[in-house]
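I have placed the structure first, in the form of structure tokens, so that the comments after it can refer back to it.
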């Protein structure tokens, strides 16, 4: 079995953002509603299995916001050190990155091998991001966070949702691409809003249905990138990576699984200390 990513769930479902399209709220909690004691034996088994299966990337993520649990991030980083995974990434909404405490943690995490910060965004405009992530408070400038991360030696990937009223036109995608080029962002991912097969949150599901781009529009976007960009790589879960005028751009989906493949998109060390391979199905469990 070949696996692409070892995803490690950090903390619980606590979050400091208000994303109305939150995938985590639509998928099973899998222990995220509780405070847990980490089963380090299972975690190590997951690390070894990931290493044996050719995993190149470890992704710290969560049902909530990982940076709200900095001590756990540090412990996990220390725990994976002996396995020497080439790429270690942290997915975050970025709301805490400029705080003094997280600034100190970033220096520590870089020393532990964290290489990439994946920032979830809805737009290149701070006002638009504020509407989604912090409707009641100010959204700290995206450009400031990107520059700070580069100064600390991190690579940056923006993970941008495609959404009606935000990034929903090819012209707006180009604006996002030029924003990334100007700031030296190493990777940009455009991701379609997704609904799990058995959503557990009707309110979030309805928002996604209203704001999700149509299948025809997504096909048009793919055709446009195929004609105007240079295809660099096809990832095992169906995502395609392009070079577009010197910018790395990936077109991806939120939720994918292909039961016919001898490959897994990811191995997941979940909040209930189980090793899983899909976010949507509680039955997708290895240990």
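The values are calculated or read from the model by the stated rules, or taken from the named source; none is laboratory data. In this text, all values refer to a predicted model and were calculated from it rather than measured experimentally. We place every Cβ from the backbone using ideal geometry, glycine too, and count neighbours over all the protein chains shown.
When the residues of the range 252-269 are narrowed to those that are modelled with pLDDT of 70 or more and either touching a helix residue (DSSP H, G or I) at 6+ places or on another chain (Cβ under 6 Å) or assigned to a loop (DSSP other than H, G, I, E, B) (or both), which ends up surrounded by the fewest Cβ atoms within 10 Å (Cβ to Cβ)? Full working, then the answer.
Residues of the range 252-269 modelled with pLDDT of 70 or more: 252, 265-269.
Applying the additional criterion that residues be either touching a helix residue (DSSP H, G or I) at 6+ places or on another chain (Cβ under 6 Å) or assigned to a loop (DSSP other than H, G, I, E, B) (or both) yields 267, 269.
Values: 267: 23, 269: 25.
Only one residue fits best here, namely 267.
Given (1) modelled with pLDDT of 95 or more; (2) under 26 Å from residue 57 (Cα atoms); (3) part of a loop (DSSP other than H, G, I, E, B), where does residue 147 come up short, assuming only one miss?
It fails just one condition, (3).
Tally up the residues in the range 179-226 that are in contact with a helix residue (DSSP H, G or I) (Cβ under 8 Å, 6 or more places away or on another chain), under 28 Å from residue 150 (Cβ atoms) and assigned to a loop (DSSP other than H, G, I, E, B), please.
Number satisfying all stated conditions: 2.
May I ask you to say which residue of 67, 92 is touching a helix residue (DSSP H, G or I) at 6+ places or on another chain (Cβ under 9 Å), surrounded by 21 or more Cβ atoms within 10 Å (Cβ to Cβ) and within 14 Å of residue 108 (Cβ to Cβ)? Don't jump to the end; show me each part of the working.
Working: 92 fails: within 14 Å of residue 108 (Cβ to Cβ).
Exactly one of 67, 92 is touching a helix residue (DSSP H, G or I) at 6+ places or on another chain (Cβ under 9 Å), surrounded by 21 or more Cβ atoms within 10 Å (Cβ to Cβ) and within 14 Å of residue 108 (Cβ to Cβ), namely 67.
Go through the range 120-136 and give me each residue that's touching a helix residue (DSSP H, G or I) at 6+ places or on another chain (Cβ under 7 Å), outside any helix (DSSP H, G or I) and within 19 Å of residue 64 (Cβ to Cβ). Walk me through it before giving the result.
First, pick out the residues of the range 120-136 that are touching a helix residue (DSSP H, G or I) at 6+ places or on another chain (Cβ under 7 Å): 121-124, 126, 129.
Then drop every residue that is not outside any helix (DSSP H, G or I), which leaves 121-124.
Matches in the range 120-136: 121, 122.
Which of the residues spanning the range 1-54 are farther than 23 Å from residue 208 by Cα, in a loop (DSSP other than H, G, I, E, B) and in contact with a strand residue (DSSP E or B) (Cβ under 8 Å, 6 or more places away or on another chain)?
Residues satisfying the conditions are 1, 10, 53, 54.
Of the residues 58, 10, which is buried (at least 19 other Cβ atoms within 10 Å of the Cβ), within 12 Å of residue 272 (Cα to Cα) and touching a helix residue (DSSP H, G or I) at 6+ places or on another chain (Cβ under 7 Å)?
Values: 58 fails: within 12 Å of residue 272 (Cα to Cα).
Residue meeting the stated conditions: 10.
Take residue 251 and tell me if it is within 16 Å of the chain's Cα centre (by Cα) and over 21 Å from residue 123 (Cα atoms). Show your work before the answer.
Values: within 16 Å of the chain's Cα centre (by Cα): yes; over 21 Å from residue 123 (Cα atoms): no.
Taking the combined requirement at face value, the residue does not satisfy it.
Anything in the range 151-178 that is farther than 14 Å from residue 252 by Cα and assigned to a loop (DSSP other than H, G, I, E, B)? List them, or say none.
Matches in the range 151-178: 152, 153, 154, 164, 165, 166, 167, 168, 169.
Being farther than 27 Å from residue 194 by Cα and either surrounded by 21 or more Cβ atoms within 10 Å (Cβ to Cβ) or in contact (Cβ under 8 Å) with a residue 24 or more places away in the chain (or both) is the filter here, so list the residues in the range 104-142 that pass it.
105, 106, 107, 108, 109, 110, 112, 113, 114, 115 - these are the residues of the range 104-142 that are farther than 27 Å from residue 194 by Cα and either surrounded by 21 or more Cβ atoms within 10 Å (Cβ to Cβ) or in contact (Cβ under 8 Å) with a residue 24 or more places away in the chain (or both).
Condition first: surrounded by fewer than 18 Cβ atoms within 10 Å (Cβ to Cβ) and either within 12 Å of residue 269 (Cα to Cα) or at pLDDT 90 or above (or both). Now tell me which residues in the range 24-42 satisfy that.
Listed by number, the residues that qualify are 31, 38, 39, 40, 41, 42.
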